[in-house]
Amino acid sequence: MRERVKAFLKKYDMCVLATAQDGRPHCSLMAYVTDEGSEWIYMVTQRDTKKFSNHLENPEVSLLVDNRCEGMTGEKGRTQALTVHGRFYALDDADKCRAIFREMLARHPHMKDFLNRSEAEIIAVRVHSFLFLDGISDAHYVSA
């Protein structure tokens, strides 16, 4: 199941990021890339956003990756969804940050102007666990 989860994360590149501040949830649609082992998920945001300030107060996050666009044209019962639980970490390695920005640009070329802004900041999420839903009720929990 772990390899299936990793393949699912690699296949798609958009997620819903859930953060919280003062017990209030906040969701954001985000583009992402992963490291080779799908142990880290990287997104980019601006420093002055709610999601970024939420990460600083509460580093626990959840992400939802799904195939709903494919399910809209096919059999709805085959919709798959992956919930990821993880923790936000700041990256202070300049070389690593540049490599992630290059990978984001390669995967999401439409984000070029956004990624080149001086306020752009990487959100690095260390994956703790996955919950993979295959269809309506076939659920699999995987600890990272």
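Within a straight-line Cα-Cα reach of under 14 Å, LYS10 can be paired with the following aspartates and glutamates, leaving aside sequence neighbours fewer than 8 residues apart in one chain: ASP35, GLU36, GLU39, ASP66, GLU103. Given R0 = 25 Å, the distance between the Cβ atoms of SER137 and CYS27 translates into a calculated FRET efficiency of 0.55. With R₀ set to 22 Å, the beta-carbon distance separating GLU57 from ALA144 gives a calculated FRET efficiency near 0.40.
Taking THR45, THR79, THR34 as the candidate residues, the one with maximal mean-square fluctuation in a Gaussian network model of the chain, Cα springs under 10 Å, is THR79.
For the pair GLN46 and GLU119, the difference between a 0.36 nm per residue extended length and the Cα-Cα distance amounts to 25.8 nm.
For a straight C-alpha distance cut-off of 19 angstrom, the aspartates and glutamates reachable from LYS50 (same-chain residues fewer than eight places away being disregarded) are ASP22, GLU60, GLU119, GLU121. Please list, or write none, the lysines whose alpha carbon is within less than 19 Å of the alpha carbon of LYS112, excluding same-chain residues fewer than 8 places away. LYS112 reaches LYS96. The ALA20 and GLU70 beta-carbon pair, evaluated with R₀ = 25 Å, returns a calculated FRET efficiency of approximately 0.25. Directionally averaged projected area (the chain, Cα convex hull): 9.1 nm². Given +1 at the Cβ of Lys and Arg, -1 at the Cβ of Asp and Glu and no other charges, the dipole of the stretch 2-143 around its Cα centre is 220 debye to the nearest 20. Using 0.36 nm per residue and subtracting the Cα-Cα separation, the extra length available between GLU36 and GLU103 on full extension is 22.9 nm.
All of the numbers you see were taken from the coordinates with simple rules; none came from a lab. None of the values given here were measured: they were computed from a predicted structure. A quick note on method: Cβ atoms are made from the backbone with ideal geometry, for glycine too, and the neighbour counts reach across all protein chains shown.
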